[in-house]
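Visitor: After the structure tokens below, expect a handful of questions from me.
The values are calculated or read from the model by the stated rules, or taken from the named source; none is laboratory data. In this text the structure is predicted, and so the values were computed from the model without any measurement. Note that we place each Cβ from the backbone using ideal geometry, even for glycine, and neighbour counts take in every protein chain shown. Accessible surface areas use protein heavy atoms only, side chains included; no ligands, DNA or RNA. Shrake-Rupley method; radii C 1.70, N 1.55, O 1.52, S 1.80 Å.
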Amino acid sequence: MHELGVVFYVIRDVKEVALQNNVERVESVTLEIGQVTGVVHDMLRDCWKWAIKKEPIMDSAELIIEEIPAVTHCESCGEDYDTLKYAKVCPNCGSEDTFLIRGREFNIKEIGVT
């Protein structure tokens with residue numbers, strides 16, 4: 001389960017930013033997660049709930065997940081399309097000369113503090 005490792009990295013980074021900015025309490029963390037990262041949102045939330053209890057500065061922080069759609073670009077016809085629906089084969093021209101342009105992101109977008 002790599003979700004627990006991901007949560008530990010997020011907590012570490014959030015704590016570092018909070019300490020650098022003299023934040024007393026983290027109320028929420030918003031993550032942007034691409035559809036094809038392989039991160040299971042429900043597992044991530046479960047790991048979050050467990051892990052934050054060990055961090056006094058953020059022991060009740062809400063986790064907010066914003067999903068970034070996966071989009072693939074076709075080099076042959078120049079069109080972009082929904083990766084989850086069509087995978088590597090372009091639905092417009094049938095080419096496999098494609099590449100993912102969005103959907104693998106994993107970003108800490110926002111840290112809500114008091």
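Visitor: What angle do you read, to the nearest 10 degrees and between 0 and 90, between the alpha-carbon axis of helix 2-20 and the longest principal axis of the chain?
Guide: Once rounded, the angle reads 60 degrees.
Visitor: Suppose the chain between Glu105 and Glu16 were pulled fully straight at 0.36 nm per residue; how much longer would it get relative to their current alpha carbon spacing?
Guide: 29.9 nm
Visitor: Pairing the Cα long axis of helix 41-52 with the longest principal axis of the chain, what angle in degrees results, from 0 to 90 and rounded to the nearest 10?
Guide: 20
Visitor: Counting other Cβ atoms within 10 Å, keep those with at most 14, restrict to DSSP loop, and tell me which trypsin sites (Lys or Arg not before Pro) in segment 1-86 are left. Working shown, then result.
Guide: Details: sites: Arg12, Lys15, Arg25, Arg45, Lys49, Lys53, Lys54, Lys85; in loops: Arg25, Lys53, Lys54.
Here the sparse-neighbourhood loop sites are Arg25, Lys53, Lys54.
Visitor: How many percent of DSSP beta bridges within segment 1-87 run antiparallel, rounded to 5?
Guide: Numbers: 3 of 10 bridges.
Around 30 percent of the beta bridges assigned by DSSP in segment 1-87 are antiparallel ones.
Visitor: Can you tell me the accessible area per residue over segment 60-114, all protein chains present, probe 1.4 angstrom, in square angstrom?
Guide: Here the residues of segment 60-114 average 63 Å² of exposed surface.
Visitor: With a cut-off of at most 14 other beta carbons within 10 Å, and DSSP calling the residue loop, which GluC sites (Glu not before Pro) in segment 1-42 qualify? Please list them. Let's see the in-between values first.
Guide: Values: sites: Glu3, Glu16, Glu24, Glu27, Glu32; in loops: Glu24.
Filter output for segment 1-42: Glu24.
Visitor: What cysteines in the chain have no other cysteine with a beta carbon less than 4.7 Å from their beta carbon?
Guide: Lacking a cysteine Cβ partner under 4.7 Å: Cys47.
Visitor: A follow-up question, please. Calculate what fraction, in whole %, of the accessible area of segment 1-108 sits on carbon and sulfur atoms when a 1.4 Å probe is rolled over the protein chains.
Guide: Answer for segment 1-108: carbon and sulfur cover 49 percent of the accessible area.
Visitor: Give me the extension gain from Asp97 to Lys54: residue separation times 0.36 nm, minus the current Cα-Cα distance, reported in nm with one decimal.
Guide: Values: separation 43, 0.36 × 43 = 15.48 nm, distance 4.73 nm.
Extra length available between Asp97 and Lys54 comes to 10.8 nm.
Visitor: Helix-only mean residue ellipticity at 222 nm, the chain, DSSP H runs n ≥ 4 weighted -39,500 (n - 2.57), per residue, nearest 500. What is it?
Guide: For the chain, the value works out to -9500 deg cm²/dmol.
Visitor: Which option, (1) 17.2; (2) 14.8; (3) 15.6, is the value of Kirkwood radius over Cα pairs in Å that was calculated from these coordinates?
Guide: Answer by label: (3).
Visitor: Roughly speaking, what is the centre-to-centre gap between segment 18-54 and segment 69-99 when only Cα atoms are used, to the nearest Å?
Guide: The distance from the Cα centre of segment 18-54 to that of segment 69-99 comes to 32 Å.
Visitor: OK, next. Go ahead and set up a Gaussian network model of the chain, Cα springs under 10 Å, then flag whichever of Val23, Val14, Val71 fluctuates most.
Guide: With Cα springs under 10 Å in the chain, the top fluctuation among Val23, Val14, Val71 is at Val23.
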